[in-house]
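A short write-up of the structure that comes next.
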Amino acid sequence: MDGQSAVQPRQRPTFQVDRSSPLPLWAQVREDITSRIRRGDFDDAFPGENQLVEEYDVSRHTVREALRALRQTGLLEGGRGRPTRVTRQEISQTQGTLYSLFASVERAGHRQRSIVRRLDVIADGTVATRLGLEESTPLVRLERIRLSDEQPLAMDRVWLPAQLAAPLLDADLTRTSLYAQLEQRCGVRLTGGREQIRAVVPTPAERALLNIPEATAALLIDRIGEQRGRPVEFRQTLVRGDRFAFVSDLSSPDRFTVATGSASELRLELAGAGR
């Protein structure tokens, strides 16, 4: 139109509130935002009030009530001059126990999935030596990309003596715990071990597999898992450095905190078995 700018159509809401529902509009918006947080929709940034008003086609008061409720539950933080963002939450784990990445993700309400890259039998003299075995000993090798809500979190490489772990070759390890399958199929339950954690620079291939940003390091976790003092597992887990951290509590030296996730941050409660 001459001399006039075209009127832009109003953005359609991503979620249609039900105005005939007995559930208040702010509660409907709160529930949908909660679902979106769990899906990782706000990993990079959380939208402002104006954008949410436009998306949900509700009043600013409704949006503010929804955000207030989400802050009270701890899912969001900020406000009063500070930008709203998804809370980075931490969990505690007693030092020295066999914690479970799989069980932690599931228990926190996030979707755990693994992409199995390799599951075969090989001979690896270096790994066999770490397990106190002859260099030619056959080993079951498992390599997985660990996902939480479909976002790369870690890459696992695990080796176990084939004499013990051969039944794992028939297991579907995309949505289940390795330790649970090891106990169920092989009758092997880990009772202890030792772990070393160090910062590393990921290779270009590892950076691509885990979608690690440039100039971001990673953590490498080396674990020897034992059954009644006998080494039966060697594991290397490469974790994105921007999604995983250990925090010591100096007032309780027998405990540490593990923080995992992205800007939305997973709320993980590490368990003592089932990884």
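The values are calculated or read from the model by the stated rules, or taken from the named source; none is laboratory data. Source: prediction; values computed, not measured. When we count neighbours, we look across all protein chains shown, and the Cβ atoms used for this are built from the backbone with ideal geometry, even at glycine.
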Exercise. Which ones in the range 221-238 are within 24 Å of THR191 (Cβ to Cβ) and within 17 Å of the chain's Cα centre (by Cα)?
Worked result: ILE221, GLN236, THR237
Exercise. Between residues in the range 217-238 that are assigned to a strand (DSSP E or B) and residues that are crowded, with 19+ Cβ neighbours inside 10 Å and among the polar types (S, T, N, Q), which pairs lie under 9 Å by C-beta distance while being six or more apart or on different chains?
Worked result: LEU219/THR237; LEU220/THR237; ILE221/THR237; ASP222/THR237; ARG223/THR237
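Residue-wise test of (1) within 20 Å of the chain's Cα centre (by Cα); (2) modelled with pLDDT under 90; (3) closer than 26 Å to ARG207 by Cβ.
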site: VAL86; (1), (2), (3): yes, yes, yes
site: GLU90; (1), (2), (3): yes, yes, yes
site: GLN93; (1), (2), (3): yes, yes, no
site: VAL105; (1), (2), (3): yes, yes, yes
site: ILE115; (1), (2), (3): yes, no, yes
site: ARG118; (1), (2), (3): no, no, yes
Exercise. Has the range 121-137 got any residue that is assigned to a loop (DSSP other than H, G, I, E, B), small (Gly, Ala, Ser), at pLDDT 90 or above and assigned by TED's automatic domain parsing to the domain that holds GLY229?
Worked result: yes
Problem set entry | The lone exception for GLU143 - which of (1) among the acidic types (Asp, Glu); (2) at negative phi; (3) under 14 Å from the mean Cα position of the chain (by Cα) it fails | (3)
Exercise. What number of residues within the range 118-158 are basic (Lys, Arg), out of contact with any Phe, Trp or Tyr (no Cβ under 6 Å at 6 or more places or on another chain) and either under 17 Å from GLY225 (Cβ atoms) or surrounded by 13 or more Cβ atoms within 10 Å (Cβ to Cβ) (or both)?
Worked result: 3
Seminar exercise, completed: Of the residues in the range 198-216, those that are in contact with a Gly (Cβ under 6 Å, 6 or more places away or on another chain) and either part of a helix (DSSP H, G or I) or modelled with pLDDT of 90 or more (or both) come to none
Exercise. When residues of the range 199-210 are filtered for being loosely packed, with under 12 Cβ neighbours inside 10 Å and in contact (Cβ under 8 Å) with a residue 24 or more places away in the chain, how many remain?
Worked result: 1
Seminar exercise, completed: Reported set for the range 180-198 where residues are surrounded by 17 or more Cβ atoms within 10 Å (Cβ to Cβ) and out of contact with any strand residue (DSSP E or B) (no Cβ under 7 Å at 6 or more places or on another chain) is ALA180, GLN181, LEU182, CYS186
For this session: Name the one entry in THR176, THR237 that is assigned by TED's automatic domain parsing to the domain that holds ARG144 and either in contact with a strand residue (DSSP E or B) (Cβ under 8 Å, 6 or more places away or on another chain) or exposed (fewer than 13 other Cβ atoms within 10 Å of the Cβ) (or both).
Result: THR237
